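Here the structure is laid out as structure tokens; the discussion comes afterwards.
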Amino acid sequence: MIISDVYLKNNQSQSIQVLTDSVINKNQPSLTDLLKYNSVIYFKEYGRGMLSTVSFRGTTASQTAVVWNGININSQLSGSTDFNTITTNDFNSISVKAGGGSVIYGSGAIGGSVHLNNDLVFKKQFCNDFRIAYGSFATLGTNYRMVFSNEKWSSQIGFSYNGSENDYPYVGLYTWKGEQRKNVNGQYENTSVNASLGYKINAKNSVKFYSQTSNTDRNMALVSESDTKTKYINGFSRNLIEYQTTQNKLTANFKTAYISENYQYFGDINSDYFSFGKTECFITKFDFGYEVLENLKLNGVADYSHTNGYGTSFGNNVREIGSVALLAQFNPIQKWQSEFGIRKEITDNYQSPLLFSLGTSYAFSKLYTLKANFSRNFRIPTFNDLYWEEGGNPDLKPESAYQAEIGNVFSYKKITLSQTMYYMKIRDLLRWVPGDGSFWSPQNTDRVNSYGTEILLGWAANYGKHYFNLNGTYAYTISENEATGKQLFFVPFHKTTASVAYSYKKLSANYQFLYNGFVYTRSDNDPKEIIEAYNVSNIGIDYDFGYFTSSKLGFQVLNLFNEKYQSLEDRPLPGRNFNIYINLKF
């Protein structure tokens, strides 16, 4: 197997949660739903299928990096990623890395990072995976992926479509006439096409190509039925080519990527007028590694990015960034592994701090491993922050964060339990605040202290033909404004997830549980202005009829107990709803 993100695989000092195909297939197709029910990350959603942003370890949406096959793909406009525009079935595996990672992944990797991987396997195979699902609110989802490979070539081609009328009723909410309110103007469609191709030139040289194109067309759900109906269309195109060679103790990896994103916003769907924005980013990256000793490896990394951005709200602007990094891996004995890295960026747009990371792990026994990591990370100002008309501030500094964490990993037979404690200090937090006149402007305002603990639990066992699987997560998060001592708004103190799966021969069933504690919606922590805590359960069952390699018919009940809940004010999420699917593998 060729791993597109080798640094993720080699990271031993931080918590990394890998979500495989079997987990991905048991969840709804959006990245939001997958991570909401299977990770410690908290999501803020503007309604089902609408804009979805995250808070990881009490940080903001722009402080979690999304990494596609080793390349940071956070928006150059907003600095964040909309997790409802990403379809999970497009990837072989999805990983969640907690903690800072800016030395390797650059801007935004402060709270943590989410990794989307298309892994290429060089062995003889030809297989197809087709899935079609239909559910409540006229929701239709389809996904197709073909894998064709041999000892020299490896290829994957995929297509996904997800769309819905999305007119779900609001649980417990009624109009003044006594009629149950519905989600109005919430229609959406998401389409993506992706391809991956690898060629093994010989045992020491290989070349790979990854490509993905996506378009999301969404009406924006109304807060009040009297509001003007709006629409938002956004898309992206990502293309990456990678060459790798290994010669004795030397390794060299060269990547070049072209990434573009665009949006159109219609303030009135009955009007032809729209505002727009687009960025085009060209990235080159060279990584040279040398094995100094059997237990010591050094890597020098240099990269360069050139970004053009233009739109109705920030004009035409260019940003060029160069960086150099030095990484070291030192394993004095098999039980002890250490990592060190430093990185410096050079650009005219801001003054970059010197970034570093130092980590170690030690396996005291088969039962217990201790991990520790200390790092400095950052987030750069975005095009919106620097150039927005009116209000952009070209004098902004990057956000900077110091983070320390200690992890304890316990393994006993088929049980794995990991617990991580962390402390983080964020400086020069970027916030949009009222400026001169009637417009707002971004400023480096706050200092934030964030600390807490995360727990991951996994267990799997089989007794004859009975197979059981249990996974759980828990996060306790304090994220305080240093000046006021108040918890940041939309950061829950508690989040818990659990999933249980059982299978017997061709029959399988699963149950999911999510608990989100209450969140403040105001910076002064007014107890009257909160989003109430909620818990949501999903249940599913499927049966493999045995045609082809596999032919599963499944049924899901989502929000089983018809919970009334929302993660953002006046943006209710659906009550009990249903989904049926067919999954064919041949």
Expected 222 nm ellipticity per residue - DSSP helices of 4 or more, -39500 (n - 2.57), all of the chain, to 500: -1000 deg cm²/dmol
Pairs of lysines in the stretch 403-534 (C-alpha under 25 Å apart; 8 or more residues apart or interchain): 13
Share of carbon and sulfur in the accessible heavy-atom surface of the stretch 51-93 [1.4 Å probe, %]: 49 percent
Candidate values (i) 66, 58, 47; (ii) 73, 62, 45; (iii) 77, 67, 44, label of the one derived for Cα extents along the principal axes in Å: (iii)
Spacing of the two label points (7 Å from each Cα toward its C-beta) at F586 and L173, in nm: 4.4 nm
Magnitude of the charge dipole, the chain, Cβ model with Lys/Arg +1 and Asp/Glu -1, debye to 20: 2300 debye
DSSP-loop trypsin sites (Lys or Arg not before Pro) across the stretch 504-586, with at most 11 other Cβ within 10 angstrom: K505, K528
Theoretical gain in end-to-end length, N408 to K425 [0.36 nm per residue, Cα-Cα removed]: 3.9 nm
Chain lengthening between S155 and Y273 when straightened (0.36 nm per residue, less Cα-Cα): 38.3 nm
Rounded FRET efficiency, nearest 0.05, which uses the C-beta distance separating N248 from F282 and R0 of 30 Å: 0.40
Projected area, mean over directions - the stretch 182-261, Cα convex hull, nm²: 7.6 nm²
Segment K124-K366, length gained on full extension (0.36 nm per residue, minus Cα span): 83.6 nm
Evaluated at q = 0.31 Å⁻¹: base-10 log I(q)/I(0), Debye formula over Cα of the stretch 42-82: -1.08
Cα-based equivalent ellipsoid of the stretch 132-279: semi-axis lengths in Å, sorted from largest, via gyration tensor: 45, 19, 11
Per-pair calculated FRET efficiency, R0 = 30 Å: L470 and A533 via Cβ, rounded to 0.05: 0.80
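The values are calculated or read from the model by the stated rules, or taken from the named source; none is laboratory data. Everything numeric in this text was worked out from a predicted model, so none of it was measured. Every residue, glycine as well, gets a Cβ built from its backbone with ideal geometry; the counts of neighbours run over all protein chains shown. Calculation scope for accessible area: heavy atoms of the full protein, side chains included, ligands and nucleic acids excluded. Shrake-Rupley method; radii C 1.70, N 1.55, O 1.52, S 1.80 Å.
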